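The values are calculated or read from the model by the stated rules, or taken from the named source; none is laboratory data. Since we're looking at a predicted model, the values are computed, not measured. No Cβ is skipped: glycine too gets one built from the backbone with ideal geometry, and neighbour counts run over all protein chains shown.
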Amino acid sequence: MGGKKKEEKEKPLDKMTVKELRDVAKEATDLTGVSGMNKPELISAIKKSKGIVEDAPGKNNTSVREIKQKIRELKVVKASAANENNLRMAKIYKKRIVRLKKQTRKAA
């Protein structure tokens, strides 16, 4: 019954383990020093050697400094809203600040 072999599909580079990536780099390319590379370095080196163009991430890549500047501005606005007894807006600004802090952790 089982005389047919399934065709092996090549896993995407992002899904491979570091060991698999090192094997691919040693066999398929002329890269040197792959044993000392980590996963992101291996992926970019393999893509570069095979001529694969890396896709830019779709997320907005704002720098941490820009995000922290927005946080500082929102803190000032939040303090003024709290001084004016506008607690609803102060709460909204606090949520925005928390959201921006999460973005800085992801960007770092």
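Things worth noting here:
- Scan of the stretch 20-64 for residues that are surrounded by 12 or more Cβ atoms within 10 Å (Cβ to Cβ) and either in a loop (DSSP other than H, G, I, E, B) or at pLDDT below 80 (or both), ordered by number: 29, 31, 37, 52, 62
- The residue list 90, 79 contains one member that is part of a helix (DSSP H, G or I), loosely packed, with under 14 Cβ neighbours inside 10 Å, at pLDDT 85 or above and not β-branched (Val, Ile, Thr), which is 79.
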